[in-house]
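Here's the structure we're looking at; comments come further down.
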Amino acid sequence: MGDELETREKLLESAMAEFSENGYMKASLRKICADAGVTTGALYFFFKNKNDLFKAIVDEPLKELCRLLTEHYMQDAQDMDSDDPAVLSAEYHIDTHTDLDKLVDYMYLHYDVFMLLLTGAQGSEYENTVDMIVDMTEQGFRISAEKAAARMPNCHVDEYMLHWITHISVDAYTHLLTHERDVEKAKLHMRRVMEFLIKIWFTMIVED
């Protein structure tokens, strides 16, 4: 049992290196096996195919990221249900969005995985991960924005602004990952970016 676990870990380490260097489409299963010191038969003992191997690397970190995002958007929506009128101000959310450091910490804990999803997933079932995150974010923003608009006389959510703000919000994180390797600097950058994003977030709510 111990030998099997060790072999599987060697394959995952080798696969991570190969996928990171060449991307999913150009990655060689033969090279992955050679670098791990095992036969291709050993690989197929643990994984159905290349996609299954890729999934074993990226799926759990991605699911946890989605859970953290969902938790964040649910908290935002709950805040909008508060009787406190301050929730309709950008300043309130700038002061309370402290959980975003946790999100950055998690992304950088699994930095290589998320970089792989951003730059090397084409051809795998994860090639549309960013689009999936955009859809999730837009849904989360919409719920909170509609709650906020309902509390403002004669106001509604502008679809164009909702979609645009969603995209630049997700882009802020992808840009962070691809341009800043240090996690502490990344958190500082994101605090500044998030202050800007929160200030413009309310521009998606317009008068009828």
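Here are a few things to note about the model shown:
- Subset of the stretch 166-191 [surrounded by 17 or more Cβ atoms within 10 Å (Cβ to Cβ) and outside any helix (DSSP H, G or I)]: Glu180
- Tally of residues being among the aliphatic types (A, V, I, L, M) and touching a strand residue (DSSP E or B) at 6+ places or on another chain (Cβ under 9 Å) across the stretch 163-208: 3
Each row is one residue, and each column tells you yes or no for (1) closer than 19 Å to Tyr126 by Cβ; (2) within 17 Å of the chain's Cα centre (by Cα); (3) not assigned by TED's automatic domain parsing to the domain that holds Asp99.
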position	(1), (2), (3)
Leu11	yes, no, yes
Ile32	yes, no, yes
Cys66	yes, yes, no
Glu71	no, yes, no
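- Per-region count, the stretch 30-59, residues farther than 28 Å from Met107 by Cβ and of a type in the set (A, V, I, L, M): 4
- Considering only residues in the stretch 142-165 that are in a strand (DSSP E or B) and either at pLDDT 95 or above or not assigned by TED's automatic domain parsing to the domain that holds Asp76 (or both), the one that is farthest from the chain's Cα centre (by Cα) turns out to be His156.
Quick grid of which residues meet (1) aliphatic (A, V, I, L, M); (2) over 23 Å from Ile133 (Cβ atoms); (3) surrounded by 13 or more Cβ atoms within 10 Å (Cβ to Cβ):
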residue	(1), (2), (3)
Glu6	no, yes, no
Ser28	no, yes, no
Phe45	no, yes, yes
Lys48	no, yes, no
Phe54	no, no, yes
Leu65	yes, no, yes
Thr70	no, no, yes
Ala77	yes, no, yes
Met80	yes, no, yes
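- Gly23 assigned to a helix (DSSP H, G or I), surrounded by fewer than 14 Cβ atoms within 10 Å (Cβ to Cβ) and not polar (S, T, N, Q): no
The values are calculated or read from the model by the stated rules, or taken from the named source; none is laboratory data. Computed from a predicted structure; not experimentally measured. Cβ coordinates were reconstructed from backbone atoms using ideal geometry, including for glycine residues, and neighbour counts include every protein chain displayed.
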